[in-house]
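Just so it is clear, none of the values below were taken in a lab; they were calculated from the coordinates. These numbers come from a predicted model, not from an experiment. With ideal geometry, Cβ positions are generated from the backbone for all residues, glycine too; neighbour counts draw on all protein chains shown.
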Amino acid sequence: MENSIQFVANYGDWKSIKKLTVVEGMQPRTIMEFLASLATSLDGKVEENLRKEVSLEKLDLALQEELEDIGKSEKDIASALKAVNSRKISSIVNEITDLEKLQKNEKKELAQFCKTYATRKALKQCKLPFDYSDIDVPGMKRLKKKKA
């Protein structure tokens, strides 16, 4: 049996088949690039589905206000993280995740997704590399164009 990594998605308009056969002597970089490509695709779908569950527009507006003058200095990064954990952002997260159809533990889980979304957005605003999507991997150029 050969070593391989396989991913198949057939969900709505998302059709994706990613396969990599791992052979002896393969460069670890090849595997890293494959996994980074997969992670970027998955992160996009997590956000897309989160938007279907909650009103991320409210959170986006609040983050835009809080992060308006944020740069990339250490002080700015600390301010961005403080903003994500502020009462204002927490209040909005609680508001948008307080859905009658959800039980308490489901609301908590959804709130964690929203906080992660907010943290990612804040770090991106600070121009910090927080995931692998900003790495110039040749095979990911098409995926990046599609995302933009």
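Details
- Net lengthening on full extension, Val8/Ile31 (0.36 nm per residue, minus Cα-Cα): 6.6 nm
- Cross-link table Lys19/Lys104; Lys15/Lys72; Lys45/Lys88, entries beyond 30 Å C-alpha to C-alpha: Lys19/Lys104; Lys15/Lys72
- Using alpha-carbon coordinates, inclination of helix 28-53 to the longest axis of the chain, degrees: 40
- Relative frequency of Cα-Cα separations exceeding 21 Å in the chain, percent: 56
- A prolate overall shape is assigned to the stretch 53-125, the ratio a/c of its alpha-carbon gyration tensor axes (a ≥ b ≥ c) being 1.5 or greater and a/b exceeding b/c.
- Here the dipole of the stretch 53-125 is about 300 debye; that uses its Cα centre as origin and unit charges on the Cβ of Lys and Arg (positive) and Asp and Glu (negative).
- Toward the positive end of the charge dipole of the chain, with +1 on the Cβ of Lys and Arg and -1 on the Cβ of Asp and Glu, the farthest Cα among Asn3, Ser55, Ile70 is that of Asn3.
- Taking other residues whose beta carbon is less than 13 angstrom from the beta carbon of Gln64, and scoring Lys, Arg as +1 and Asp, Glu as -1, yields -2.
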